[in-house]
Every structure is written in structure tokens, then in C-alpha cells.
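Visitor: Attaching a single structure in C-alpha cells format; questions to follow.
The values are calculated or read from the model by the stated rules, or taken from the named source; none is laboratory data. This one's a predicted model, so the numbers in the text were calculated from it and none came from an experiment. Every residue, glycine as well, gets a Cβ built from its backbone with ideal geometry; the counts of neighbours run over all protein chains shown. With ligands, DNA and RNA removed, areas are computed over all heavy atoms of the protein, side chains included. Shrake-Rupley method; radii C 1.70, N 1.55, O 1.52, S 1.80 Å.
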Amino acid sequence: MSHHVTSGYLPLVYAAITSSVAGVIVERSAQRFPSMPALVPVVNGIGGNIGTVFASRISTSLHKQRGRFVASEHNLSMIILLLINVPIQVGFLALRREFDPELQINAMFLVAYTGATAVHGLSMLVVGRVACRWLWVRGYDPDDCVNPFITGTGDMLGAILLAIVFIVVF
């Protein structure tokens, strides 16, 4: 039990700091783009979820195969999780538009938003893959440590990418 308590501090501190930075970015962007904050939880939530699901698969594989990592075994899962991200994001955007007529969705916004969410999702998958292997090699159980790294990075990256989309398009 004490190993779990002591090994969990760094990931939690990292997640707290990066999520706080994300909060500042969203707060400052919301002053200029009032529709933006409503999109942040979906961008970050879906990207973070696919990243943590992928990391869980990798961690299970590392435990089953005693640390042997075969990248090709996870490539199909990575592609499927990334492809799931895009239609959900576009569907949410369409639904959001129905409830918020002030949200201006044009072709440029749709392309930029979809691209940003794809970059975010891919980044979360890469963070999950790299963090699992990095933690495993250093003697940490990825099941205990990887999720705060993914969610913290995802919160910050999602806020940055969404702010860039709004700045470029509007």
C-alpha cells in the first residue's frame, strides 16, 4: 500500500499543474470567445478517455507478457480509438449548435475543430503509449500512475488547441 501512496505524488502534482494552466487558458479565452468553454469538456473528455483506455490496454499487455512490449499489437486499437473520436466530436458540435445559436459553425471552423480534436486524440494515444512504457521500465505500475499524466496533458493541450481554433477562425 505504501508503494502506491508514494508513487502517486508526481503524477498527481503534474496533473494539478497542467490542469491549472488549462484553466487559465480557458478563462482568458472565454473573455474573447464566450462559446469556447462549452466545448472544452468534450474535447478534453473524449481525448482523455481514449488515451486512458489505450493506456489500460498497454498496461494489461505489459503485465501479461512480463514487460515485453510489441507495438504492432496495439496499432489497430490505436487507429480504432482515434477513428471513434472524430464522429463523436462532430456529432457533439452539431448537437451543441442546436442549443447555442450563437456558436458560429462554418466550414473553416468545422475543419479546424475536427483537425484539432484529431491532433488531441492522437496526442493522448501517444502520451498513453510512451508513458506506459516509460513508467514500466522505471519500475512503476502504469495502472497506478499513467492516467494523471494523460488527463493533465490532455486538459492543457485541449485548451491550447481549442483556443488556437477560435483565434484562427474568429
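Visitor: Quick check: anything in segment 149-167 touching a Pro at 6+ places or on another chain (Cβ under 6 Å), within 19 Å of S59 (Cβ to Cβ) and touching a residue at least 12 places away in the same chain (Cβ under 8 Å)?
Guide: yes
Visitor: How many of the residues making up segment 131-152 are surrounded by fewer than 24 Cβ atoms within 10 Å (Cβ to Cβ) and of a type in the set (V, I, T)?
Guide: 1
Visitor: Among the candidates L12, L62, which residue alone is over 30 Å from A112 (Cα atoms), among the hydrophobic types (A, V, I, L, M, F, W, C), open to solvent by less than 20 Å² (accessible area, probe 1.4 Å) and in contact (Cβ under 8 Å) with a residue 40 or more places away in the chain? Before the answer, list the steps.
Guide: Values: L12 fails: open to solvent by less than 20 Å² (accessible area, probe 1.4 Å).
So the residue among L12, L62 that is over 30 Å from A112 (Cα atoms), among the hydrophobic types (A, V, I, L, M, F, W, C), open to solvent by less than 20 Å² (accessible area, probe 1.4 Å) and in contact (Cβ under 8 Å) with a residue 40 or more places away in the chain is L62.
Visitor: For I46, are the conditions met, namely being aliphatic (A, V, I, L, M) and either surrounded by fewer than 16 Cβ atoms within 10 Å (Cβ to Cβ) or not in a helix (DSSP H, G or I) (or both)? Working first, answer last.
Guide: Values: aliphatic (A, V, I, L, M): yes; either surrounded by fewer than 16 Cβ atoms within 10 Å (Cβ to Cβ) or not in a helix (DSSP H, G or I) (or both): no.
It is false that I46 is aliphatic (A, V, I, L, M) and either surrounded by fewer than 16 Cβ atoms within 10 Å (Cβ to Cβ) or not in a helix (DSSP H, G or I) (or both).
Visitor: In segment 26-41, what residues are open to solvent by 40 Å² or more (accessible area, probe 1.4 Å), closer than 21 Å to Q89 by Cβ and touching a residue at least 12 places away in the same chain (Cβ under 8 Å)?
Guide: Filtering segment 26-41 down to residues open to solvent by 40 Å² or more (accessible area, probe 1.4 Å) leaves 27-28, 31-32, 34, 37, 41.
Within this subset, residues satisfying the condition of being closer than 21 Å to Q89 by Cβ are 34, 37, 41.
Selection gives P34 alone.
Visitor: Go through segment 115-152 residue by residue and tally those that are more than 12 Å from the chain's Cα centre (by Cα) and closer than 15 Å to L12 by Cα.
Guide: Residues in segment 115-152 being more than 12 Å from the chain's Cα centre (by Cα) and closer than 15 Å to L12 by Cα: 9 in total.
Visitor: Given (1) assigned to a helix (DSSP H, G or I); (2) surrounded by fewer than 20 Cβ atoms within 10 Å (Cβ to Cβ), where does L81 come up short, assuming only one miss?
Guide: It is condition (2) that L81 fails.
Visitor: Here's a follow-up. Which residues, taken from segment 66-95, are closer than 17 Å to L161 by Cβ and touching a residue at least 40 places away in the same chain (Cβ under 8 Å)? Spell out the reasoning first.
Guide: From segment 66-95, those closer than 17 Å to L161 by Cβ are 82, 85-86, 88-90, 92-93; that's our starting set.
Across segment 66-95, the qualifying residues are L82, I88, Q89, F92, L93.
Visitor: While we're looking at this one, here's another question. For segment 96-103, state whether one or more residues are open to solvent by 40 Å² or more (accessible area, probe 1.4 Å), at pLDDT below 90 and aromatic (F, W, Y).
Guide: Our first condition is that a residue be open to solvent by 40 Å² or more (accessible area, probe 1.4 Å); within segment 96-103, this holds for 96-99, 101-102.
Within this subset, residues satisfying the condition of being at pLDDT below 90 are 96-99, 101-102.
Then drop every residue that is not aromatic (F, W, Y), which leaves 99.
Checking segment 96-103: at least one residue is open to solvent by 40 Å² or more (accessible area, probe 1.4 Å), at pLDDT below 90 and aromatic (F, W, Y).
Visitor: From E102, E98, grab the single residue that is part of a helix (DSSP H, G or I) and among the acidic types (D, E). Before you say what the answer is, go through the steps one by one.
Guide: Numbers: E102 fails: part of a helix (DSSP H, G or I).
When all the criteria are applied, what remains is E98.
Visitor: Let me ask something else about it. Check off (1) modelled with pLDDT of 95 or more; (2) open to solvent by less than 80 Å² (accessible area, probe 1.4 Å); (3) of a type in the set (A, V, I, L, M, F, W, C); (4) within 17 Å of V168 (Cα to Cα) for M108 and give me the number that stays unchecked.
Guide: All conditions are met except number (2).
Visitor: Which one of these is open to solvent by less than 30 Å² (accessible area, probe 1.4 Å) and either under 25 Å from T151 (Cα atoms) or hydrophobic (A, V, I, L, M, F, W, C) (or both): G128, G115, G91?
Guide: After applying the criteria, what remains is G128.
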